[in-house]
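Written below as structure tokens is the structure these notes are about.
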Amino acid sequence: MKIFRLSGIALLLVVSLLVWGLLAFLAGDWIERGIEQEGSQINGATVSVASSRLGWWLDELNIESLAIANPSDLNRNRIEVGQLKFAVDLPALLKQQMHVKELIVADVKLNQPRPVPAQAFAKGAYSPSNWQWPKAVAAEAKAIDPSAVLQQVDIRSPQMFEQFSNDLTATQQRWEAQQAALPDQEKFDALKTKFQAAQDALKKAKGLEKVARAKALKEVVDEADQERKKIAEFRQVIKQDISALQSRWKTVKQQVDKDTQLAMSIINLTPEGMKHLAASFLGEDVAHWVGLALDNSEMLTALGNKKSVEQAKPTPRTGIDVNLTGAPPLPSVWIKNTLLSGDFQVAGLRGQLSGEAKNIASELIAGQPLTSNIKLTLPAADANAKAAQGSLALTLKKAQSGAALQGNVDLSGWPVANWSIGQGGLNLTDIRAQVQASVTASEANTKLVIDIQLTDFKVEKSNNLSKAMTVFATVLEESGVAKLTVELNKKGAEVDSKISSNLDKLFFAKIKDQFQAKADNAKAEIRNKIDAQVSGVRESITQRLSGLANLEQEVLAKLEQFEQLK
Amino acid sequence: MLTMLAKLLKILNSEDSPAAVGWAISLAFVFALLPLFSLAKWLVLVAVLLLRVNLSAFLLFSAVFAVLAWLFDPLLNDFGMWLLTLPALKDFWIAVSQSSVGGALALNNTLALAALLLSVLVLLPLYWIGVKLIYWYRSHIKSRIEKWRVVAVIKSSKIYQIYHSLNA
């Protein structure tokens, strides 16, 4: 009997064809669904793929027309990629893992309109930033809430008034104690009786008896003199205390003015504060990119927090891959090397794109940092102009606590068609921009610094511009160069922002007169607020201070009484 | 169910050698037991196609054993996990799983390892049992079963006639 059958070869071919067919069609479908489902959840809005097909040798996957929608604007796509081509690791794919040695990306378009609105998805691994900039800064700069301002300032008036009142009470209590030790009316009357009796006895005395009576009178006078001295000393103390209290009271009252000045210094009606207003007007168009940078920084650093949990219970027919060597487990999606090339299109600009990215993965791999280096070139508009250049460099590595991100963006001579200021009322057009941005992020902290310089722009104004924006338009026209620096430091939910512009001082100089009246009103309002806080204590102190003068009069009257006993 | 029974009877009554059916049963067991990502599974398939193995029996028993494999999945996983975590064998498994053959056979996977070991262990015994059962059936049971009414019905059915004529 023959062991082999010839028909087996034909059968093998048929079965191979069947397996090939199944893989070629089903694997493509599976990958397409995976990208669309997982991608949409990570992105927060629809991620779609036109087609996905395995190559003839089942070793290459071709994805056409990948579109990633913008979760903030469902009518636009963040990114569209014409073609993605990569070699597939088939054994990993059979374990539902997507490991790619090399990915080729061609023809990238950014921020393109969608034919059909995208669907929003709940994001999973990270929460997007809900901090709105620069609207928050601009609103803060424009509105003045005296109560809110006073909460930010260390107002000392109420405490100082309270302290003064307490000290006054203590002084009065000390005086009362000292006053108790002074001779009262009864004592004075007794001494007076004794004095008159001694005087009468002296008048009636004759011969040597006069000496004895005079001695007795002297003793009474000495006794009265000692009491008088006590009263005089007490009077001196009162005089000094009253003088000191009145001087301090003057200082305490002046604190209200100082507090008002302090409050005024932090609101945006001083040259220092005004710069936030100018810079925030200029920075309104940057808000989208700042938000995007913050969101993406958080999304990227969240990759470092994903813990690769050892599979405790296997799904049917998969088993468990035991990590024998202790090497870090590989992520379910891992693109080792990505090559980018071809056309590049964003906001009506067309250019060329080139670069590479390494280790793009569903989670960070220890010792294999995610890096990317992308260069963009836009052709010169005319023979005299220079070609615009752009570069994006990014490094994301696994750190002991989460992930550490370092990114830099550099654009030079970049054409910007439109820069909206003041909610569209004022526009800059045909701009050349120089942009330098850097982001440093970890699990706890995100630091973003953006330097933008706009030149060669034209200023377009609408007819119904506010006075401030009209002045701002003039400042822009006169300056010819607009520089903006944005520094953000985000720790948890707290965002510390610093924005400034070369136009800040120019703008303030132009509008300070218009704002002076507003500043005066705000000052009066703040002064009233502080006054209201101290008014109760102030009244009580004033009454008690006038009472002190009465006490001094009382002591003086008592002193004059004792003068009679000389 | 009837179709399955008919197929089984057809296989048992066929003129194929008991060895071809025996190999089909044992290889079907191995094929069903191994997971998709083990190269061994696909080598078994190639072997079945190239060697004179009864294909009908292989397909039938693959389906039957696939259910068994699914049921015994947890046991196989536990066995594979026990083997792979034996301290004495740690260095051996590292060396094996890092080799190209070990990698292709996915020997660091609990299911792939346990299934492969079990397959190697039962391949020949299952073949031997299969051959013996066919001999025993054909000499002792076949004549009695052919008298069953259900078999007569199946044999008289048009589908069976066509099937028989195609195989003739």
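Distance between the C-alpha centers of the range A:169-209 and the range B:92-128? Whole Å please.
Each part's Cα centre sits 121 Å from the other's.
What's the local net charge at A:GLU356, with K and R +1, D and E -1, over the other residues with C-beta under 14 Å away?
Working: positive: A:LYS101, A:LYS336, A:LYS358, A:LYS375; negative: A:GLU102.
Residues near A:GLU356 contribute +3 overall.
Springs between alpha-carbon atoms under 10 Å, Gaussian network over chain B: tell me which of B:SER139, B:SER38, B:SER56 tops the mean-square fluctuations.
Ranking B:SER139, B:SER38, B:SER56 by mean-square fluctuation puts B:SER139 first.
Only four residue types carry charge here, +1 at the Cβ of Lys and Arg and -1 at the Cβ of Asp and Glu. Report the dipole size of the protein assembly as shown about the Cα centre in Debye, rounded to the nearest 20. The partial results should precede the final answer.
Values: 80 positive and 70 negative charges, 384 e Å.
The calculation lands at about 1840 debye.
If Lys and Arg each add +1 and Asp and Glu each add -1, what is the summed charge of the other residues whose beta carbon sits under 15 Å from the beta carbon of A:ALA380? Don't jump to the answer; show the numbers that get you there.
Working: positive: A:ARG350, A:LYS386, A:ARG432; negative: A:ASP382, A:ASP430, A:ASP456.
With Lys, Arg at +1 and Asp, Glu at -1, the neighbours total 0.
Under a Cβ-Cβ cut-off of 14 Å, what is the net charge of the residues other than A:ILE242 that fall near it, where Lys and Arg count +1 and Asp and Glu count -1? Working shown, then result.
Numbers: positive: A:ARG174, A:ARG235, A:LYS239, A:ARG248, A:LYS250, A:ARG544; negative: A:ASP167, A:ASP241, A:GLU552, A:GLU554.
Counting the neighbours of A:ILE242, the net charge comes to +2.
Using the Kirkwood radius built from alpha carbon pairs, what does the Stokes-Einstein equation give as D for the protein assembly as shown at 25 °C and 0.890 mPa s, in µm² per second? Don't skip to the answer; put the middle values down first.
Working: Rh = 35.9 Å.
Roughly 68 µm²/s, to the nearest whole number.
Quick one: compute the contact order of chain A, relative version, from alpha carbon pairs under 8 angstrom and 6+ residues apart, as a percent.
Values: 960 pairs, mean separation 76.7, N = 566.
Value for chain A: 14 percent.
Where nothing but the Cβ of Lys and Arg (+1) and of Asp and Glu (-1) is charged, how large is the charge dipole of the range A:8-124 around its Cα centre, in debye to the nearest 20? Present the calculation step by step, with values, prior to reporting the outcome.
On the way: 10 positive and 12 negative charges, 51 e Å.
Value, rounded to 20: 240 debye.
From the Cα gyration tensor of the range B:51-95, with a ≥ b ≥ c the square roots of its eigenvalues, which class applies: rounded if a/c is under 1.5, or else prolate if a/b is larger than b/c, or else oblate?
oblate
Evaluate E = 1/(1 + (r/R0)^6) for B:ALA152 and B:ILE129, where r is the Cβ-Cβ distance and R0 equals 25 Å; express this FRET efficiency to the nearest 0.05.
On the way: r = 30 Å, r/R0 = 1.18.
Calculated transfer efficiency: 0.25.
So if R0 is 45 Å, what FRET efficiency would B:LYS90 and B:TYR137 give, r being the distance between their Cβ atoms, rounded to the nearest 0.05?
Values: r = 47 Å, r/R0 = 1.05.
That pair, B:LYS90 with B:TYR137, gives E of 0.45.
Give me the Debye-computed log₁₀ of I(q)/I(0) at q = 0.19 Å⁻¹ for chain B, equal point scatterers on Cα only, no solvent, two decimals.
The Cα Debye sum returns log10 ratios of -1.18.
Quick one: compute the contact order of the range B:18-134, relative version, from alpha carbon pairs under 8 angstrom and 6+ residues apart, as a percent.
Details: 141 pairs, mean separation 49.4, N = 117.
Normalised by residue count, the contact order of the range B:18-134 is 42 percent.
Say R0 is 35 Å: what FRET efficiency, to the nearest 0.05, do A:THR377 and A:GLU60 get from their beta-carbon distance? All intermediate terms of the calculation are to be shown ahead of the outcome.
Working: r = 29 Å, r/R0 = 0.82.
For R0 = 35 Å, the calculated efficiency reads 0.75.
Running a GNM on chain B with Cα contacts under 10 Å, which residue among B:PHE58, B:PHE92, B:PHE37 ends up with the highest mean-square fluctuation?
B:PHE92
Obtain the nm distance between the two label points defined at A:GLU477 and A:LEU465 by a simple spin-label model: each point lies 7 Å from its Cα along the Cα-to-C-beta direction.
So the label points at A:GLU477 and A:LEU465 sit 0.7 nm apart.
Could you list the chymotrypsin sites (Phe, Trp or Tyr not before Pro) in the range A:6-59 that lie in coil according to DSSP, counting only those with at most 15 other Cβ atoms within 10 Å of their Cβ? Mind showing how you got there, number by number?
Working: sites: A:TRP20, A:PHE25, A:TRP30, A:TRP56, A:TRP57; in loops: A:TRP56, A:TRP57.
Listed in order of number, the matching sites are A:TRP56, A:TRP57.
Per-residue mean of other chain beta-carbon atoms within 10 angstrom of the beta-carbon, peptide B:48-57?
Working: counts 4, 11, 9, 5, 7, 3, 0, 4, 0, 0.
Average per residue, whole number: 4.
Stretched out fully, how many nm does the piece from A:SER540 to A:SER72 gain, at 0.36 nm a residue minus the Cα gap?
162.6 nm is the gain from fully extending A:SER540 to A:SER72.
Would you mind computing, in nm to one decimal, how far apart the modelled labels at A:GLN453 and A:ALA232 are, each placed 7 Å from Cα along Cα→Cβ?
Here the answer is 8.2 nm between the modelled labels.
Within chain A, which whole H helices from DSSP have a Cα span along their axis of at least 20 Å and a mean Kyte-Doolittle hydropathy of 1.6 or more, if any?
Values: long enough: A:7-22 (22 Å, 2.40); A:28-43 (21 Å, -1.15); A:157-180 (34 Å, -1.18); A:185-204 (28 Å, -1.04); A:209-266 (86 Å, -0.78); A:287-302 (22 Å, 0.40); A:503-563 (77 Å, -0.47).
In chain A, the long hydrophobic H runs are A:7-22.
Coordinate-derived values only; no laboratory data. Since the structure is predicted, the reported quantities are computational estimates derived from the model, not experimental observations. Cβ coordinates were reconstructed from backbone atoms using ideal geometry, including for glycine residues, and neighbour counts include every protein chain displayed.
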